[in-house]
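These notes are about the structure you will find just below.
Each value in this text was obtained by applying a stated rule to the coordinates, not by laboratory testing. From a predicted model like this one, the values you see are computed outputs, not experimental measurements. When we count neighbours, we look across all protein chains shown, and the Cβ atoms used for this are built from the backbone with ideal geometry, even at glycine.
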Amino acid sequence: MSTLAAAVEVRGASKWFGAHKVLDEVDLTVCPGHVTVIIGPSGAGKSTLLRAINHLEKLDAGRVTVNGVLIGVREHGTRLKELSERAILAQRAEIGFVFQAFNLFPHLTVLENVAAAPVATGRATKTEARERALELLAQVGLAEKAEAYPGQLSGGQQQRVAIARALALRPGVVLFDEPTSALDPELVGEVLAAIRALAGGGTTLVIVTHEIGFAREAADRVVFMDAGRIVEEGPPGEVLDRPRHPRTREFLSKVL
Amino acid sequence: MSTSAEPAEAIGITESPHRDLAAQRVIPLRHPGRWIATAVVVVLAAQFVHGLATNPFYQWGRFGYWFARPVILRGLWVTLEVTALSAVLGLLGGVVLALARLSHNPVLRTVSWVYIWLFRSVPLIVVLLILFNFSALYRTLSLGVPFGPSFFRFDENKLATELVVATIGLSLNEAAYAAEVVRGGILSVGRGQREASAALGLPRWYQFRRIVLPQALRAIVPAYVNQLIGLIKGTSLVFYVSLLDLFGQVQTMSSTYPGDVVPLLLVATAWYVILTSLVSLAQYWIERRLRAGERG
């Protein structure tokens with residue numbers, strides 16, 4: 001594990017919301033190409049940790065590197081100094097993000113949603129971006145919806161578009177923040193299937209979810225968080241079936 | 001249906017309303033009150049229209065005489081000029097004020113807040129009259145470093161024609177209201193939209209121009225048109241700073257031809273109605289354009 005260069009490395013990450021410490025010196029290593037699922041009770045700091053990886057959330061202490069690059073900050077003597085907004089925006093091209101609430105752009109078509117970022121960031125011409133977008137939409141099974149608007153799609157379809165959009169910049173790492181929590185139960189499966197299709201394709205996935213069944217079958221590693229700390233991590237067979245920590249056992253007994 | 005029909009037949013009801021339960025139509029509740037109200041309103045409206053047409057008090061002949069007189073059209077042109085200039089300058093000022101109020105800079109936020117608070121508190125007529133008397137307060141207006149050297153120096157008396165005073169007054173006032181309209185529009189775009197833009201690494205200017213603004217416009221347009229209609233009617237106050245707009249010309253003509261006061265006021269009414277109707281029409285068209293995409 002430690003012999004491989006980490007795709008995502010979090011070291012000593014701490015974050016306060018007022019007097020409340022949501023992240024408490026968190027260390028996390030994610031191997032390239034792996035699927036890491038983060039589980040835990042609400043308020044455990046799962047989403048905050050995920051959002052810190054692409055600097056949507058600023059850490060008060062600690063650091064994040066993605067493929068060896070320090071994210072959102074640079075070293076300045078013994079301290080870390082925040083980068084300019086422009087530099088942070090440029091770094092995010094390497095990191096895809098899928099939101100719980102999809103956050104598609106409602107005034108743009110599905111195709112425009114997916115093709116916008118590569119063109120806006122100057123990484124592709126309009127034609128290239130369109131072709132890539134159509135490919136990605138076909139991959140998530142929505143090629144025929146290219147000209148539709150997000151408001152005309154079901155929640156599950158919207159989230160699959162959001163996944164295609166996150167992949168448009170060919171990121172090495174894709175982060176999912178509870179991608180199925182806003183969906184009707186019968187739509188969860190299609191989104192999980194789209195995520196599963198990415199696993200093993202070389203892209204590193206970090207997924208915050210409450211879908212324990214999905215974690216068991218798709219994850220290479222499961223991370224259990226509680227009260228701003230990583231309590232326990234390991235292969236799903238260990239963490240989910242033979243948890244060592246009583247807090248993990250208690251949580252799993254409630255959700256399973 | 002058939003299961004519920006069986007026991008009824010067993011009981012032996014000969015005629016069978018039960019068999020056609022599915023075909024039983026529901027008669028909607030009648031609303032006689034609405035019909036009565038309609039009749040009353042129609043009668044009153046007809047009386048009013050009849051009165052308009054037949055009451056000699058309105059002097060429709062004189063209305064026709066004045067409606068497109070050059071003197072009135074000159075006033076109308078001034079009204080249009082002042083409205084257009086103030087609408088554009090006010091909107092630009094409003095956008096700047098709104099962005100200042102939404103910025104992270106506490107000084108900009110406070111200055112913007114104070115400006116909006118002040119100009120929303122002071123009646124437009126007072127602003128206009130203060131500006132009109134500005135030359136008495138400040139002999140010259142200079143632009144430069146406070147207490148330091150000045151780069152430009154204007155002589156107030158030469159600078160301030162009535163049109164300029166009126167436009168500045170209306171624009172200052174308009175900017176305060178437009179700022180709130182624009183700010184509300186920008187805030188109506190959800191946080192998720194900005195987060196998604198940031199997560200995709202979209203450049204800042206692209207985020208504002210292509211993601212936030214088009215969505216904000218949908219909230220801004222109706223509110224700003226409302227504001228614009230207020231502005232059109234607000235221009236009638238510039239008469240008090242000696243600018244002969246539509247209302248000013250009507251007032252002047254009324255004092256020259258006291259017998260034509262009513263038809264002259266009706267001419268002003270008609271033109272203001274025409275102007276605001278045109279603006280409403282433009283609003284309808286713009287809103288349809290903004291929504292066009294979503295219907296697919």
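Here the protein assembly as shown carries DSSP beta bridges of which approximately 60% are antiparallel, counting only pairs with both residues inside. Taking every residue in B:202-212 and counting other chain Cβ atoms within 10 Å of its Cβ, the average works out to 4. For chain A, rounded, prolate or oblate, judged on the Cα gyration tensor with a ≥ b ≥ c (square roots of eigenvalues), a/c < 1.5 rounded, else prolate if a/b > b/c? Judged from the Cα gyration tensor, chain A comes out oblate (a/c at least 1.5, b/c at or above a/b). For the residues A:ASN54, A:ASN103, A:ASN113, a GNM of chain A with alpha-carbon springs under 10 Å puts the largest fluctuation on A:ASN103. Converting phi to 3J(HN,Hα) with the Karplus coefficients 6.51, -1.76 and 1.60 and the offset θ = phi - 60°, segment B:208-214 yields 5, 6, 9, 10, 6, 4, x Hz in sequence order, with x at every glycine or proline. When the listed pairs A:LYS46/A:LYS145; A:LYS46/A:LYS254; A:LYS58/A:LYS126 are checked against a 26 Å cut-off, the alpha-carbon distance exceeds it for A:LYS46/A:LYS145; A:LYS58/A:LYS126. All other residues whose Cβ lies under 13 angstrom from that of B:LEU124 are scored, Lys and Arg at +1 and Asp and Glu at -1, for a net of +1.
Between the listed residues A:THR209, B:VAL111, A:VAL255, the Cα displaced farthest toward the positive end of the dipole of the protein assembly as shown, a dipole computed from Cβ unit charges relative to the Cα centre, is found at B:VAL111.
Inter-label distance, B:PHE67 to B:HIS50: 2.4 nm, where each label sits 7 Å from its Cα along the C-beta direction.
Here the dipole of segment B:68-295 is about 900 debye; that uses its Cα centre as origin and unit charges on the Cβ of Lys and Arg (positive) and Asp and Glu (negative).
Starting from the Cα gyration tensor of the protein assembly as shown, take the square roots of the eigenvalues, sort them a ≥ b ≥ c, and report rounded, prolate or oblate (rounded when a/c is under 1.5, otherwise prolate if a/b is larger than b/c, else oblate). Oblate is the answer for the protein assembly as shown, as a/c is 1.5 or above yet b/c matches or exceeds a/b.
Entry note, chain A: the mean residue ellipticity at 222 nm calculated from DSSP H runs of n ≥ 4, each adding -39500 (n - 2.57), is -10000 deg cm²/dmol after division by the residues and rounding to the nearest 500. Under a 5 Å amide H cut-off, with hydrogens placed 1.01 Å from N, A:MET225 pairs with A:ILE39, A:GLY40, A:VAL231 among residues at least 5 apart or on other chains.
With Cα atoms defining each centre, segment A:13-65 and segment A:179-256 are spaced 16 Å apart in the structure.
Dipole magnitude for segment A:1-75: computed about the Cα centre from +1 point charges on Lys and Arg Cβ and -1 point charges on Asp and Glu Cβ, it is near 160 debye.
In the elastic network of chain A, a GNM with C-alpha springs shorter than 10 Å, the most mobile of A:GLY228, A:GLY155, A:GLY12 is A:GLY12. The dipole here belongs to segment A:156-256: it is taken about the Cα centre, uses +1 on the Cβ of Lys and Arg and -1 on the Cβ of Asp and Glu, and is about 240 debye. Full extension of the chain between B:TYR240 and B:VAL261 yields a length gain of 5.7 nm, computed as 0.36 nm times the residue separation minus the alpha carbon distance. Computed over segment A:197-256, the Cα gyration tensor eigenvalues convert (square root of 5λ each) into semi-axes of 21, 12, 10 Å, ordered from largest to smallest. The phi-based Karplus calculation (6.51 cos²θ - 1.76 cosθ + 1.60; θ = phi - 60°) puts the 3J(HN,Hα) values of segment B:281-287 at 5, 4, 4, 4, 5, 5, 4 Hz, whole numbers, x for Gly and Pro.
The Rg/Rh ratio for segment B:68-295 is 1.05, where Rg is the radius of gyration of the alpha carbons and Rh is the Kirkwood radius. Highest GNM mean-square fluctuation among A:PHE102, A:PHE214, A:PHE224, for chain A modelled with Cα contacts below 10 Å: A:PHE214.
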